[in-house]
1. Take the conditions of a type outside the set (Ser, Thr, Tyr), at pLDDT below 85 and outside any loop (DSSP other than H, G, I, E, B) and apply them to residue 46. Does it pass?
2. Residues of segment 37-70 being open to solvent by less than 100 Å² (accessible area, probe 1.4 Å) and of a type in the set (D, E, K, R), which ones?
3. Consider segment 17-36. How many of its residues are surrounded by fewer than 11 Cβ atoms within 10 Å (Cβ to Cβ) and either part of a helix (DSSP H, G or I) or touching a residue at least 12 places away in the same chain (Cβ under 8 Å) (or both)?
4. What is the number of the single condition among (1) more than 12 Å from the chain's Cα centre (by Cα); (2) of a type outside the set (Phe, Trp, Tyr); (3) modelled with pLDDT of 75 or more that residue 59 does not meet?
Amino acid sequence: MDKAELSLEERLKRIEEIIEQMEMGETTLDESFELYKTGLEEIKEANNMLDKMEKAMLILNEEGNLEEFS
């Protein structure tokens, strides 16, 4: 699966896995650095996805019209 196709849940699970790997202390310094970089990329993409979801959310106002959620 392409990284761009990951769902928010899949990204969050990947971040958890990275944290677990780093906490185990069984990785080299180079591996830890790569995991850290990958984790930051996943966090950035998850944040972008959340921003897009928030902007796409609509609510029904008192007059019965749809408006953006703020």
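The values are calculated or read from the model by the stated rules, or taken from the named source; none is laboratory data. Quantities reported herein were computed from a predicted structural model and do not represent experimental measurements. We place every Cβ from the backbone using ideal geometry, glycine too, and count neighbours over all the protein chains shown. What goes into the accessible areas is simple: the full protein's heavy atoms, side chains included, and nothing from ligands, DNA or RNA. Shrake-Rupley method; radii C 1.70, N 1.55, O 1.52, S 1.80 Å.
1. On the way: of a type outside the set (Ser, Thr, Tyr): yes; at pLDDT below 85: no; outside any loop (DSSP other than H, G, I, E, B): yes.
No; evaluated as a whole, the condition is false for this residue.
2. Selection gives 37, 41, 42, 45, 51, 67.
3. Going through segment 17-36, the residues surrounded by fewer than 11 Cβ atoms within 10 Å (Cβ to Cβ) turn out to be 20, 23-26, 28-30.
Cutting the leftovers down to either part of a helix (DSSP H, G or I) or touching a residue at least 12 places away in the same chain (Cβ under 8 Å) (or both) gives us 20, 23-24, 29-30.
Number of matching residues: 5.
4. Of the numbered conditions (1) more than 12 Å from the chain's Cα centre (by Cα); (2) of a type outside the set (Phe, Trp, Tyr); (3) modelled with pLDDT of 75 or more, the odd one out for residue 59 is (3).
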